[in-house]
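Working notes, structure below.
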Amino acid sequence: MKKYFPSSELIINEDGSVFHLHVKPEWLADKVILVGDPGRVALVASHFENKECEVESREFKTITGTYKGKRITVVSTGIGCDNIDIVMNELDALANIDFNTREEKDNFRPLELVRIGTCGGLQPNTPVGTFVCSQKSIGFDGLLNFYAGRNEVCDLPFERAFLNHMSWSGNMCAPAPYVIDASGELIDRIAKDDMVRGVTIAAGGFFGPQGRELRVPLADPKQNDKIEAFEYKGFKITNFEMESSALAGLSRLMGHKAMTVCMVIANRLIKEANTGYKNTIDTLIKTVLDRI
């Protein structure tokens, strides 16, 4: 018997669109680009030959169109893994739940999702302007811990090694981080041989969780020093951002392919930053559009 999804769990608007995104099932392409900034949706879509739909609700803006014969949907997520939880569940529902019967479709429809974002570099090989593909993500957000199957898709030995290295105990820097791989096939296709492949920490905030200290002291003042020094089976942590773990984790649980690629706009190791990055991120956008 097919699972039925009541209106309290899957909220469908009166016009037939999904609750937060306001996107209708027929508007969703198989290839999806995610960006944090709603203003960046128009930048991505400026390369489309045509647009078939455009809708905006809160921080979620969506445009579907065609680029070099490929049908692509670009969606803004806002900031943070909590928003990725909304976007991923609603995109999966659009693809794999019949909105008329509220039942799962007979045939699974896989999506390919690439998040284009910005990040802070943590190693000498990630100076400002570097493109970093998140081969693995360490989730400081705890989101995946609320879903069944979390242990089956996560890299548990890596998690244990990281926690042992950080020497966190009790409620210090809780919840416990999780480690998840992005789609290997997508990483190979997007990164090729001209992007850094690394381990990304998806932080639950921009300041304390990323080791930034303003007026409130950090729980672990040595956090970033330990993160920069961590190494496991040849992997080192390359960058901070705020969404990659939830995207990779939920996609693995749902059966989709997903990855994150970011441009470094600040290097925490040498304490440099570039606030004028918006002109150069278009190079990364065009690269992803060509390779997705």
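Rule-based calculations on the coordinates, nothing more; no lab input. Quick caveat, the model's predicted, so the values are computed rather than measured. Positions of Cβ are backbone-derived with ideal geometry, glycine not excepted, and every protein chain shown enters the neighbour counts.
Packing-based ranking of 163-169, 253-259 yields 253-259, 163-169, ordered from highest to lowest mean Cβ neighbour count within 10 Å. Computed over the Cα atoms of segment 189-292, what is the convex hull's projected area averaged over all directions, in nm²? Value for segment 189-292: 8.5 nm². Given a cut-off of 31 Å, name the pairs among Lys68/Lys278; Lys222/Lys286; Lys226/Lys286; Lys70/Lys271; Lys61/Lys222; Lys2/Lys286 whose C-alpha atoms lie farther apart than that in the structure shown. Pairs exceeding the cut-off: Lys222/Lys286; Lys226/Lys286; Lys70/Lys271; Lys61/Lys222; Lys2/Lys286. Counting only DSSP beta bridges whose two residues both lie in the chain, roughly 50 percent are antiparallel.
Considering the chain as a Gaussian network with a 10 Å cut-off on Cα pairs, which listed residue, Thr73, Thr275, Thr260, attains the greatest mean-square fluctuation? Ranking Thr73, Thr275, Thr260 by mean-square fluctuation puts Thr275 first. In plain terms, the C-alpha convex hull of segment 27-77 casts an average shadow of 3.0 nm² when viewed from every direction.
Amide H contacts of Lys61 (H built 1.01 Å from N, in plane; Pro and chain starts excluded): Ser76 sit under 5 Å, all sequence-distant by 5 or more or on other chains. Summing charges over neighbours of Leu43, with a neighbour being any other residue whose Cβ is under 12 Å away from its Cβ, gives +2 when K and R count +1 and D and E count -1. Taken one residue at a time, the phi angles of segment 268-285 give Karplus couplings (6.51, -1.76, 1.60, θ = phi - 60°) of 5, 5, 9, 6, 10, 8, 10, 8, x, 6, 5, 6, 8, 5, 5, 4, 5, 4 Hz. Gly and Pro are set to x.
Each listed q (0.19 Å⁻¹) maps to a log10 I(q)/I(0) for segment 1-152 from the Debye sum over equal C-alpha point scatterers, namely -1.30.
Where the alpha-carbon atoms of segment 110-176 are placed on the principal axes, they occupy 37, 36, 19 Å, in descending order. Within the listed set Tyr232, Tyr277, Tyr67, the residue fluctuating most in the Gaussian network model of the chain (springs between alpha-carbon atoms under 10 angstrom) is Tyr232.
Charge tally for Glu9 (other residues, Cβ to Cβ under 11 Å; Lys, Arg +1; Asp, Glu -1): +2.
The H on the amide N of Gly139, modeled in the peptide plane, is under 5 Å from the matching H of Tyr178, Val179, Ile180, Ala202, each at least 5 residues off or on a different chain. Taking label points 7 Å from Cα along the Cα-to-Cβ direction, Glu9 and Ala42 give a separation of 3.9 nm. Where does the chain land at 222 nm, in deg cm²/dmol rounded to the nearest 500, when only DSSP H runs of n ≥ 4 count, each adding -39500 (n - 2.57), divided by all residues? Helix-only estimate at 222 nm: -7500 deg cm²/dmol. Over the chain, the hull volume per residue, using the convex hull of the C-alpha atoms, is 144 Å³.
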